[in-house]
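Undergrad: Structure provided below as structure tokens; questions to follow.
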Amino acid sequence: MDGRRLLAYGGLGAALLIVLTVAVLAYQSLASESRPAPASSPAPAAGGCTPAPCANVQGYTLWVSNLRLTSNVVTMQITFKNSSDSTHAAPEDLELIDSRRQVSRPVFNAPGCTPWSRHEFGNGATYGPLTVCFEVSTTAPPLVLRWSPDFGFCCRTDIKLS
């Protein structure tokens with residue numbers, strides 16, 4: 001009976017070790033998704049869209065135009081066209097990474113910035129142009145617009161702005 005009990009405890013310990021290993025690997029994978037990429041070497045815009053700067057992720061396109069830099073605010077116009085499985089555009093899908101690797105979210109209190117919230121659309125519809133602003137620690141290049149459309153963890157893309 002002691003042999004069976006020892007074998008049962010050994011099996012339980014091995015199963016627990018496997019579960020903990022999988023949990024740690026999953027956590028590390030998710031944590032690496034939230035770290036900003038180095039601003040000096042952003043991933044190129046996806047999908048071969050034009051005119052640049054832009055990104056096309058599985059039929060969902062974001063264009064950037066009219067980039068303006070002031071002392072600590074980056075202002076740009078963005079336009080979306082959604083022919084994908086994603087359901088919306090939202091300010092939470094955007095981050096700006098400056099050359100000091102500081103990550104900024106859109107702000108709406110700067111002059112000329114368009115207040116907007118989640119917008120539901122699809123089937124090839126467009127949304128915008130919207131004037132979006134980011135407060136940054138520096139406007140020195142490179143600046144990278146990180147876009148994470150609602151496809152889960154698969155489709156974050158970086159758009160280098162010039």
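The values are calculated or read from the model by the stated rules, or taken from the named source; none is laboratory data. Quantities reported herein were computed from a predicted structural model and do not represent experimental measurements. Neighbour counts are summed over all protein chains in view; Cβ atoms, including those assigned to glycine, are modelled from backbone coordinates with ideal geometry. Remember, those area values only see protein heavy atoms, side chains included, never the ligands or the DNA or RNA. Shrake-Rupley method; radii C 1.70, N 1.55, O 1.52, S 1.80 Å.
Undergrad: Taking a 1.4 Å probe, which of Ile18, Ile97 shows the most accessible area, and what order do the others take after it?
TA: Putting Ile18, Ile97 in descending order of accessible area: Ile18, Ile97.
Undergrad: Report the per residue volume, in Å³, of the convex hull enclosing the C-alpha atoms of region 83-162.
TA: In region 83-162, the Cα hull volume divided by residue count equals 103 Å³.
Undergrad: In Å², what does the accessible area per residue of region 122-162 work out to with a 1.4 Å probe?
TA: Per residue, region 122-162 has an accessible area of 44 Å².
Undergrad: Moving to a separate point now. Calculate the spin-label point distance for Ala90 paired with Ala8, positioning each point 7 Å from the Cα along the beta-carbon direction, and give it in nanometres.
TA: 4.7
Undergrad: Among the trypsin sites (Lys or Arg not before Pro) in region 81-162, which ones are in a DSSP loop with at most 14 other Cβ atoms within 10 Å of the Cβ? Mind listing them?
TA: Sites meeting the loop and neighbour criteria: Arg100, Arg101, Arg118.
Undergrad: Tally up the carbon and sulfur contribution to the accessible surface of region 91-151 as a whole percent, 1.4 Å probe, everything protein left in place.
TA: 46
Undergrad: Report the net charge of residues surrounding Thr139, where surrounding means a beta-carbon distance below 13 angstrom and charges are Lys +1, Arg +1, Asp -1, Glu -1.
TA: Value of the local net charge: 0.
Undergrad: Something else: Suppose all protein chains stay in the model; what accessible area per residue would a 1.4 Å probe give for region 53-114, in Å²?
TA: Counting only protein heavy atoms, the per-residue value for region 53-114 is 46 Å².
Undergrad: Around Gln58, what is the net charge, scoring Lys/Arg as +1 and Asp/Glu as -1 over all other residues with Cβ under 15 Å from its Cβ?
TA: Once positives and negatives cancel, what remains is -1.
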